[in-house]
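The values are calculated or read from the model by the stated rules, or taken from the named source; none is laboratory data. Please read these numbers as outputs of a predicted model, since none were measured by experiment. We work out accessible area using only protein heavy atoms, side chains counted, and drop any ligands, DNA or RNA first. Shrake-Rupley method; radii C 1.70, N 1.55, O 1.52, S 1.80 Å.
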Amino acid sequence: MSMKRFCFILSIIILLSTSLFSQSPQQRRLEDIILQQSRQNNNLLMPTGENKYITSEDGTIRMYVNVWGAVANPGVHLVYEDIDILTLLTVSGGPIEGADLSEVKILREVSDSTKSEIKVLNVKKFLETGAREDLISLKPNDTVIVPESLTHKIFSNYNILNTTLHIITLYFQIEFYRSRVD
């Protein structure tokens, strides 16, 4: 391989790696929303121990659950007892563009332990087939995490025009340097 091609390929790898691993504006907005909601909910006391449920005057039983990740309204939500994952996603505004519904995680407190049980649900399978066997009811203080898909991470962090212009510029710089050396 010639030195020219080696430099060109190395430049492309460096540019792509910096483009792929920089934080996208959408990811920064999502983190800002999460921080804002956590500040708003700071004074919200989540019941623990024996008082995990809240009963209203009309006898409606509710509980708190957490929603993180690629949904429109992440944060702490006060919901009805035995809510399922689909209804919770609806309450939290639904998944946003790029959400990976095939690996939705639920972190559940394990009684008499400091650990959490992790369940992975394929909500995408339900949407495609209507099969409800994998959909479970949520419990108080469950944390639901809707991840962002890898392809969305890559393409949302990948500015094609900017990277192309950088590659063209590097190519001409290498050609200019090469012509001066020869």
Of all residues in region 99-117, which are of a type outside the set (D, E, K, R) and modelled with pLDDT under 90? Val110, Ser111, Ser113, Thr114, Ser116
If I go through region 80-133 residue by residue, how many of them are open to solvent by less than 80 Å² (accessible area, probe 1.4 Å) and hydroxyl-bearing (Ser, Thr, Tyr)? 5
